[in-house]
Amino acid sequence: MPLLENGQIIQDTWQSAVEGEPLPSGNILVPLARLSEALGRNSDARLGVVLTSADEVEALREALPRLDVVVLTFPVFRDGRPFTQARALREHLHFKGEIRAGGHILPDQYEFLLRCGVTAVALPDGADIAVWQRAHEAFTVAYQPSILNEQAEGFAFRRRLA
């Protein structure tokens, strides 16, 4: 799957651990249930964890300094829990690494993902990058504060439009 990062397609260099098989060497993404196993390996390779929308990000508190990426999985596009997970990772747990979103995501959710702290989106194979780019450029006004360095229009915006 290609990754969309900063509006550009990049190649995914991470390997995903397969359930029931030994952990591969190199940079790996593991499910939360295998995080302890991955943390115990004797390797200089980078480590990431894949969370489901039902997982609590607080469970990562002790491991976050050793993680390079956290992948948040959308089981369906209307499940908003990964937005909350991204925000909690950035604002409450102060995670500085990559936050990647995957699963069932719609292009019009891209800008909101960025505002919550997501840095990369795993696009489905065959996705039209132009649609994602247009969705990113369509939003020019923010009503709520975000993790981005921007000024939200916020309170009294409607009065300015009148």
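The values are calculated or read from the model by the stated rules, or taken from the named source; none is laboratory data. Since the structure is predicted, the reported quantities are computational estimates derived from the model, not experimental observations. Because the Cβ atoms are built from the backbone with ideal geometry, glycine has one as well, and the counts that use them run over all protein chains shown. Side chains included, ligands, DNA and RNA excluded: accessible areas come from the protein's heavy atoms. Shrake-Rupley method; radii C 1.70, N 1.55, O 1.52, S 1.80 Å.
Could you check how many residues of the range 71-82 are open to solvent by 40 Å² or more (accessible area, probe 1.4 Å) and in contact with a Gly (Cβ under 9 Å, 6 or more places away or on another chain)? Give the steps one after another, and end with the answer.
Here is the first cut: in the range 71-82, the ones open to solvent by 40 Å² or more (accessible area, probe 1.4 Å) are 73, 75-78, 81.
Filter once more, keeping what is in contact with a Gly (Cβ under 9 Å, 6 or more places away or on another chain): 73, 75-77.
Counting residues in the range 71-82 that are open to solvent by 40 Å² or more (accessible area, probe 1.4 Å) and in contact with a Gly (Cβ under 9 Å, 6 or more places away or on another chain) gives 4.
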So, first residue in a helix (DSSP H, G or I) in the range 60-81, second residue of a type outside the set (A, V, I, L, M), Cβ within less than 6 Å, six or more apart or across chains; the pairs are Leu64/Phe95; Arg81/Ser53
List the number of the failed condition for Asp55; all other conditions in (1) in a loop (DSSP other than H, G, I, E, B); (2) at pLDDT below 95; (3) not aromatic (Phe, Trp, Tyr) hold. (2)
Checked the range 93-137 for anything basic (Lys, Arg) and without any contact (Cβ under 8 Å) to a residue 60 or more places away in the chain; matches are Lys96, Arg115, Arg134
Could you say which residue among Glu21, Glu62, Glu5, Glu56 is out of contact with any His (no Cβ under 6 Å at 6 or more places or on another chain), open to solvent by 90 Å² or more (accessible area, probe 1.4 Å) and under 22 Å from Phe112 (Cα atoms)? Glu56
Write out, first by first residue and then by second, each pair whose Cβ atoms fall under 6 Å of each other, whose residues are 6+ apart or on separate chains, and whose first residue, in the range 29-42, is farther than 13 Å from Ser16 by Cβ while the second is at pLDDT below 90. none
